[in-house]
Each structure stands twice: as C-alpha cells, then as structure tokens.
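Some notes on the structure that comes next.
The values are calculated or read from the model by the stated rules, or taken from the named source; none is laboratory data. Nothing here was measured: the structure is a model prediction, and the numbers come from that model. Neighbour counts run over all protein chains shown; Cβ positions are idealised from the backbone, glycine included.
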Amino acid sequence: MSTILIVNAQVVNEGQIASLDVFINNGFIEQIGTDLQHLSATKVIDAQGKYLLPGVIDDQVHFREPGLTHKATIYSEAGAAVAGGTTSFMEMPNTVPNALTQSLLEDKYQIAAQTSLANYSFFMGASNDNYEEVMKTICPDVCGIKIFMGSSTGNMLVDAPDVLEKLFANAPCLIATHCEDEPTVRQRTEFFKEKYGDNVPYDIHALIRNEEACYRSSSMAVELAQKHGTRLHILHISTGEETALFEVGNYGNSQVSTNEKLKKKITSEACVHHLWFDAEDYHQLGTQIKCNPAIKAPHHKEKIFQALLDNRIDVIATDHAPHTWEEKSKGYWAAPSGLPLVQHSLNMMLEFVQQGKISIERVVEKMSHAVADVFQIDRRGYIREGYWADLVLVDLNQTTTVTKDNILFKCGWSPLEGTTFQSGVTHTIVSGHLVYANGVFDESMRGKRLRFSRSQ
C-alpha cells in the first residue's frame, strides 16, 4: 500500500486543535509530528488552511441491500458517505430478507467486502422467534444486536415480554433499540385517520408518533437494561422528555480511562435531522422529512442539543434511510418513513459550529471518538499513532450547495436541496487509502470490516 503524508493540517483530536503533520503507512497512522516534511511518501497532501478530523463513524444507517436495491445499494450509499467525510458505518438488519440468521448476516458482510468504499459493520437482527440465532452472534466481529421495540419492516417487531427479558438478560454484546410504543402509535393512527381521512396535514406525523410513544418505550428499555445490567444503546432520541433517562457520561473524553467510560452502560444517540429540522418544516417539506421516530415540535431539538452538550446523549448519527422520489411523493398515509442524510451529516454539524452552537472539537468527539468508545471499535475513531488511518480534511472557507447534480445517494434527492453549507469535504482517507479527493473517487480499494475490542 502507498504511503501518504499530510502536512500543515489543523488536526482536531481529543479536545485539541494543533498544527501537525501526519504520516500514513500500510493503512495505519505511523507518525504524528510538527515537522515530518522530510519523510518520503507516495502522495503528499498540503492541508494548509484545512482541518484534519478523524473520519465520521455513523452507527445507524439503512443501505437497503439486499432486497431493496431500487432504493439504494451498499456501493452507492458508502460512496455518498465517504464523499461526506463518513469513513465507517453500521448498518441495520431490516433489509429483505431481514438479517435474522447468522447466514443472512454474513451475506451482507460479503456484499460489503466486494463493494463498500467505507469501513463497515452490520447489526444482527432480533425478532420474537429467533432468540437462538441471536445468541450465536460473535461479538468481536459484529457491532451489536438490533431490537425494534416499535415500528419496523418485516418480522422484526419484538413485543413479546418474555423474549425481551431473555434478550436483555443474555445478549452477548451491545443491544441497540428503536423505541416507539406500538400500541400508542396504532391507537393514535386510527384516531387521526377517523378525524382527517385521506386529507391529512403532514405535521400530524409528530402527533401520531408522539412524545408518549417514544418515552413509554425508551423508559421500558432503560428499565430492562438496569434490571439485567445490559449494555444498551437507544437510537435516534427525538424528545426532550427522553433525555432525562440518561446519566452524564464520559464517552469520547480521552482524559478518562476506558473502564471509567464503560461504567455508563446505557447510552444514546441523536440524529442530525432531529437537530436540524422541526415540526414547522413539514409545511414545506411534507413527506420528505417523514421518519420514525418523528421530527417533533421545535423545543425538542433544543433539548436534544443541550443533552448532547452535557453528555447525557453520547453520539451523533444519521439513521440514513433512503426511498425513491416516487415512493416519497405518495400521500401521507402511503409514503414510507425515512430520509437520506449520510452525505451531508458532517456538513450539518459543521454548520452548527459556524453558528456558534457547538465547537468543532465536540463535533469530532460526538461523531468519531465517542462512537468508537461506545461500541469499543478496535483502533479507530481517533488520530493516534498505531490507529487505522480514517481521516477527513474539511475546508471551512469552502461552500457546499446541495443540488440534484451533486447528490450521490441512489435515490437522487435530499430534503436539504438548495441548502448552502459553509464547509466542504475535500479529502477522505479510509483505512489508509485516499478514496476521495476534490470530487474524484479512487475505487481501487475497498473499506475494511470493523472489529471490536470488548473488555466488558
């Protein structure tokens, strides 16, 4: 493998910004120093005026392969991811067929090994009737077990109390949950169908999938985890009420020992769309921002943001979930839930940096360091000697306008179309390979399978 030397970079890492050079050899960061320009390298990148960040690790995406490849493929979405500065992803099991057996799970790894430009891992799926398969999961090789305690695709709603008890008591590794109380959602759906019929306003989504549905399910998951000592990660927190369920943690803080970090066993995630949009945006964007859990009233995004800043919420992700424009153009009841985000998540967070809402050091902490810590990913998520070289260069003086012409998702649309960000991703390095540079891809190498060093 070629060597890469990055010089004159403003390196953002472990709460600090420093002017440094970084030398990459055989996939790994070999040296970090103030003057490495004497080193010989196959490729030299002058990063003058740019910030060098650890690559984003997105712990929740839906890349739709196998079975739903008219919406997306691992190849297309991983390409969009690396163009946006995301170097690793963890993908969800509600593909077709659902990844409910070890064999079906391995099939996805095989596809990624052949096609993914980003590093990858896949969640094992749980259902009401696949407990034995879940227990076969080899945890150094798999990011976690996904439980839909609410809306899901296919045979993936886990609502049998005895099954939930067994899974939380015995899961061989981290459990990640989608928390929405299904009976509450069903009851409210029927109520609003009766009230409005087909002529329903789009912002009703926030009232159907309301605060109660989220809190009821999240609090149940927390209770189960506390009862059994489970390592639990609750995905896409969408209400201010839920933030009260979580303790302050230290994930992403390199001043704290790993053992100290891991004492917080119940962690959570905020997604960029729940920080960016609110219920007022349904009037303009309609079903484009229909997703589960729903984007809700404006005060919720402020409370979620605050919980991020005070470390009750640990990580930032996307829940990237593309559908075709034709599917999204249907009326409220028929349009599927989910929106594509993985190409622009870093831009979105850097926009908040520009607005003074969060520092770039905290963005790195929440999108890279803390994700690596929560999932105990082997040698990724930080800019350290001996770690895999997953890196992204960003220019905060370069604008990025989202247009149909530069959207790389297979679905070809984004709710952010027309938005101009005050930042641009110029280079992305995945496992030591310069896969993206100034709009050009080098597809000569594929990403690596993520490994996990689980101490507890």
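Within the stretch 399-454, the residues that satisfy the criterion of being hydroxyl-bearing (S, T, Y) and under 26 Å from E30 (Cβ atoms) are T426, T428, S431, Y436, S444, S453.
For the stretch 45-74, give me the residue count where each residue is over 23 Å from L434 (Cβ atoms), part of a strand (DSSP E or B) and not polar (S, T, N, Q). Final tally of qualifying residues: 1.
When only residues in the stretch 1-37 that are within 28 Å of the chain's Cα centre (by Cα) and assigned to a loop (DSSP other than H, G, I, E, B) count, which is surrounded by the fewest Cβ atoms within 10 Å (Cβ to Cβ)? For the stretch 1-37, the residue satisfying everything is N26. If you check M90, M156, M124 for being aliphatic (A, V, I, L, M), in contact (Cβ under 8 Å) with a residue 60 or more places away in the chain and within 26 Å of S368 (Cβ to Cβ), only one passes: M90. Only one of the listed residues (A176, A112, A171, A99) is more than 21 Å from S453 (Cβ to Cβ), out of contact with any Asp or Glu (no Cβ under 6 Å at 6 or more places or on another chain) and among the aliphatic types (A, V, I, L, M). That residue is A99.
Could you list, in sequence order, all residues of the stretch 245-284 that are hydrophobic (A, V, I, L, M, F, W, C) and without any contact (Cβ under 8 Å) to a residue 12 or more places away in the chain? First the steps, then the outcome.
Initially, the stretch 245-284 is screened for residues hydrophobic (A, V, I, L, M, F, W, C), giving 245-246, 248, 256, 262, 266, 270-272, 275-277, 279.
Within the stretch 245-284, V256 is the sole residue that qualifies.
Being part of a helix (DSSP H, G or I) and touching a Leu at 6+ places or on another chain (Cβ under 7 Å) is the filter; apply it to the stretch 214-237 and report the residue that is surrounded by the fewest Cβ atoms within 10 Å (Cβ to Cβ). Quick ask: steps written out before the conclusion?
Going through the stretch 214-237, the residues part of a helix (DSSP H, G or I) turn out to be 214-228.
Retained after the next criterion (residues that are touching a Leu at 6+ places or on another chain (Cβ under 7 Å)): 218-219, 221-222, 224-225.
Numbers: S218: 29, S219: 16, A221: 23, V222: 20, L224: 21, A225: 20.
Once the filter is applied, the top-ranked residue is S219.
None of K50, K43 is among the charged types (D, E, K, R), in contact with a His (Cβ under 9 Å, 6 or more places away or on another chain) and at pLDDT 95 or above except K50.
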